[in-house]
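One structure is given below, encoded as structure tokens.
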Amino acid sequence: MEESLLEEKYYEAKPTDPAKKILFAVLDDLFGRRGLDNAWDDIDDDVKEEILASNLEIVRKNIA
């Protein structure tokens with residue numbers, strides 16, 4: 001079974017996939033801003049997973 005992006009973001013070593021590196025770097029920047037990290041915490045995990053997956057696809061399309 002493939003690991004979730006949410007678990008990978010918080011629990012695993014840094015990714016080697018360039019698209020994931022970009023996605024997680026942007027998220028780290030956003031979460032460092034006042035209020036955004038708290039707002040993320042209020043979102044259900046299944047919705048977070050959808051957000052991560054859709055944004056990962058956007059990054060992949062744009063680096064190809």
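The values are calculated or read from the model by the stated rules, or taken from the named source; none is laboratory data. None of these values were measured; they are calculated from a predicted model. Quick reminder, even Gly has a Cβ in these numbers, built from the backbone with ideal geometry, and neighbours come from all protein chains shown.
Of note:
- Region 35-55: number of residues that are among the acidic types (Asp, Glu), surrounded by 11 or more Cβ atoms within 10 Å (Cβ to Cβ) and without any contact (Cβ under 8 Å) to a residue 12 or more places away in the chain: 2
- Candidates in region 35-50 are the residues that are of a type in the set (A, V, I, L, M, F, W, C) and touching a Leu at 6+ places or on another chain (Cβ under 9 Å); of these, the one that is farthest from PRO15 (Cα to Cα) is LEU36.
- Any hit, region 25-39, residues being modelled with pLDDT of 90 or more and assigned to a loop (DSSP other than H, G, I, E, B): no
- In region 5-34, the residues that are touching a residue at least 12 places away in the same chain (Cβ under 8 Å) reach residues that are loosely packed, with under 10 Cβ neighbours inside 10 Å and of a type in the set (Val, Ile, Thr) with C-beta atoms within less than 8 angstrom, at least six apart or across chains, in these pairs: PRO18/ILE63; ALA19/ILE63; ILE22/ILE63.
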